[in-house]
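Trainee: Pasting a structure here, questions to come.
Every read-out reported here was derived from the displayed coordinates using simple, explicitly stated rules and does not represent laboratory data. These numbers come from a predicted model, not from an experiment. Cβ atoms come from the backbone with ideal geometry, glycine included; neighbour counts cover every protein chain shown.
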Amino acid sequence: MDFSTTRRHWLQQFGMGFGGIAAAHMLQRDLAAAAPAGSHGPGIPSGGVVNPTHHAPKAKRVIYLFQAGGPSQLETWDYKPLLNEKQGEPLPDSVRQGQRLTGMSGNQAILPLAGSMYKFNRHGENGTWVSELMPHMAKQVDQIAVIKSMYTEAINHDPAITFLQTGNQLSGRPSIGSWLHYGLGSENDNLPTFVVLVTKGKGGQPLYSRLWGSGFLPARYQGVQFRSGKEPVLYLSNPPGISAGSRRNMLDRLNDLHQLEQDRLGDPALATRIEQYEMAYRMQSSVPDVANLADEPQSVKDLYGPDVSKPGSFAANCLLARRLAERGVRFIQLYHQGWDHHGNIPGGMKTQCRDTDQPSAALLQDLQQRGLLDDTLVIWGGEFGRTNYSQGTLTATNYGRDHHPRCFTMWMAGGGVKPGVNHGETCPFGYNVVADGVHVRDFHATLLHLMGIDHHRLSVKFQGLDARLTGVEPARVVNEILA
């Protein structure tokens, strides 16, 4: 799409009025909502540039539980008893194979292998190994696809997180949610298409708004961060002394002025500004409604655990994510910091899993009992994994793990994903992928595929190139995990 073509010129060329455009948009959206997400055959109508979708989507929306900092796969999903047997022995050169390390552990005289302090047990019909740190998710393994063979090139947090969220290690590219908003449009008129929730009060690696930015796409495609407290979206409420009627009159007059300028200049940014003002006006009633968890039954709150009563907690955000999903929000991104355990793995992992295990499992149960899991894609994972050796001193009661991009674990559920499967395999040392590797680009291609988009065909002209979420290097849909 060439963004130099303005809406005014497009309307003049095709002889359509604003009313016709709006009616067509709502008709397309309603048709898309009526079509079953998992139906076979050709694509379905959408409100975005991919209209119709390239094929029938399996999912209508995404909830992405991003665990910032790099959760240790060796304390959660990837059971490696060999590390316990060889506790304290040096990492063999034959396993490392000359792969680079970070400066935080690369100068250690010895890289001592460290087994997990936590027990693993088999769960579900396929006997999925799960750490004792996650008793609630252990009961959900028959609903999820565990991908143990994820890998990336990025070895430091910022480029790794940027890669997962935008498809490029360098900043300035559109995030996943922005691509989906651009490609598929919105399913509602009163809430943002792309919402971001960040767990309150967690330390760790910093998060930046560019992670949910629109990059070189127009600003209307960027994510909107919801915060805990009385004002979930900043600057949305009317100032003291300004009534709803006064606000409406002000917007009407402002729109008249913008329209005059639009007719004179044909600047697409003005049309975007008008749309954003109108969305903000509608959100003044819709956002407080969706963010108010008081009307949830106590039985539902109990499902998410005691932290659900704490605004901004991961539990509260998971429940809010479900409320946003059932109201048609296309992409909901949760960020939970604190997984960067260079030291104190025993204490740190226990805290993180306590905060996230029950809410994650509850989200799956809640979506399923409401009939939403079948067309909602739920994703859990961080930017990379952790090393099989201890960073710093290894003791009988304490150890840490450095960054490890060569293998890490994610899971996906619902929205066309095959339930109860384990995909990929790492070596007995938990250091290298040995079967069915899934690169970050493959993950992106699979996500888009489940939403009805061929990743090769969703592109935007940028600096002379056809820019895509999956970039220019090879990427494949991981069909093995698809239902």
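Trainee: Which residues' amide hydrogens lie under 5 Å from the amide hydrogen of Gly312, considering only partners 5 or more residues apart or on another chain, with H built in the peptide plane?
Mentor: So Gly312 has HN proximity to Asn317.
Trainee: With a cut-off of 8 Å between alpha carbons and a minimum separation of six or more residues, what is the relative contact order of region 66-167 in percent?
Mentor: Reported relative contact order: 28 percent.
Trainee: Tilt of helix 18-34 relative to the longest C-alpha principal axis of the chain, in degrees (0 to 90, nearest 10)?
Mentor: Roughly 40 degrees, rounded to the nearest 10.
Trainee: Let me ask something additional. Using alpha carbons only, how many degrees (0 to 90, rounded to 10) separate the axis of helix 268-291 from the longest principal axis of the chain?
Mentor: With rounding to tens, the tilt is 70 degrees.
Trainee: Which ordering of Trp212, Trp129 is given by a fewest-first count of other beta-carbon atoms within 10 Å?
Mentor: Details: Trp212 25, Trp129 19.
Starting with the residue having the fewest Cβ neighbours, the order is Trp129, Trp212.
Trainee: Counting other beta carbons within 10 Å of each Cβ, put Tyr118, Tyr304 in order, fewest first.
Mentor: Working: Tyr118 18, Tyr304 27.
Ordered from fewest to most neighbouring Cβ atoms within 10 Å, Tyr118, Tyr304 come out as Tyr118, Tyr304.
Trainee: Expected output is a single nm value to one decimal: the length gained when fully extending between Leu254 and Asn156, i.e. 0.36 nm times separation in residues minus the C-alpha distance. What is it? Before the final figure, lay out each step's value.
Mentor: On the way: separation 98, 0.36 × 98 = 35.28 nm, distance 4.58 nm.
Here the answer is 30.7 nm.
Trainee: Where does the chain land at 222 nm, in deg cm²/dmol rounded to the nearest 500, when only DSSP H runs of n ≥ 4 count, each adding -39500 (n - 2.57), divided by all residues?
Mentor: Dividing the helical sum by the residues of the chain leaves -10500 deg cm²/dmol.
Trainee: Per q in 0.07, 0.09 1/Å, what log10 I(q)/I(0) does a Debye calculation on the alpha-carbon atoms of the chain return?
Mentor: Here log10 of I(q) over I(0) equals -0.38, -0.62.
Trainee: What is the fewest-to-most order of His455, His336, His258 by other Cβ atoms lying within 10 Å of their Cβ?
Mentor: Listed from fewest to most nearby Cβ atoms, that is His258, His455, His336.
Trainee: How large is ³J(HN,Hα) for each residue in region 219-231, as worked out from phi by the Karplus curve 6.51 cos²θ - 1.76 cosθ + 1.60 (θ = phi - 60°), to whole Hz, x for Gly and Pro?
Mentor: Karplus-based 3J(HN,Hα) across region 219-231 equals 4, 5, 8, 6, x, 10, 7, 9, 10, 6, x, 6, 10 Hz.
Trainee: Moving to a separate point now. Distance from a point 7 Å along Cα→Cβ of Asp454 to each backbone N in region 51-73: keep the residues under 17 Å and list them by number.
Mentor: Once the point is set 7 Å along Cα→Cβ of Asp454, 51-58 turn out to lie under 17 Å by backbone N, inside region 51-73.
Trainee: Pull up all non-local amide H partners of Leu482: gap of 5 or more, or a different chain, and H-to-H distance under 5 Å with H placed in the peptide plane.
Mentor: Here the answer is Lys418, since their amide H atoms fall under 5 Å of that of Leu482.
Trainee: Using label points projected 7 Å from each Cα along Cα→Cβ, tell me how many nm separate Cys427 and Asn126, to one decimal.
Mentor: Label at Cys427, label at Asn126, 2.5 nm between them.
Trainee: Would you list which lysines come within 17 Å of Lys200, measuring only between C-alpha atoms, while excluding same-chain residues fewer than 8 positions from it?
Mentor: Lys230, Lys310
Trainee: May I ask for the angle, rounded to the nearest 10°, between helix 314-326 and the longest principal axis of the chain, with both axes built from Cα atoms and the value confined to 0 to 90°?
Mentor: With both axes taken from Cα atoms, the answer is about 40 degrees.
Trainee: Determine the alpha carbon to alpha carbon distance for each of Lys60/Lys418; Lys202/Lys350; Lys60/Lys148 and list only those over 18 Å. Provide the component values of the computation, followed by the final result.
Mentor: On the way: Lys60/Lys418 16 Å; Lys202/Lys350 15 Å; Lys60/Lys148 25 Å.
The answer is Lys60/Lys148.
Trainee: So what are the ³J(HN,Hα) numbers for region 106-113, from phi and the Karplus equation (6.51, -1.76, 1.60; θ = phi - 60°), rounded to whole Hz, Gly and Pro as x?
Mentor: x, 9, 5, 5, 9, 10, x, 4
Trainee: Rg/Rh for region 377-483 to two decimals, with Rh computed the Kirkwood way over all alpha-carbon pairs.
Mentor: A ratio of 1.07.
Trainee: By its C-alpha gyration tensor, with a ≥ b ≥ c as the square roots of the eigenvalues, how is region 432-483 shaped: rounded for a/c under 1.5, else prolate for a/b larger than b/c, else oblate?
Mentor: Note, shape of region 432-483 comes out oblate.
Trainee: If we count GluC sites (Glu not before Pro) as exposed when they sit in a DSSP loop and have at most 15 other beta carbons within 10 Å, what is the longest stretch of the chain that avoids them all?
Mentor: 154-483
Trainee: Between region 374-397 and region 208-234, how many Å separate their Cα centres?
Mentor: Cα centroid of region 374-397 versus Cα centroid of region 208-234: 27 Å apart.
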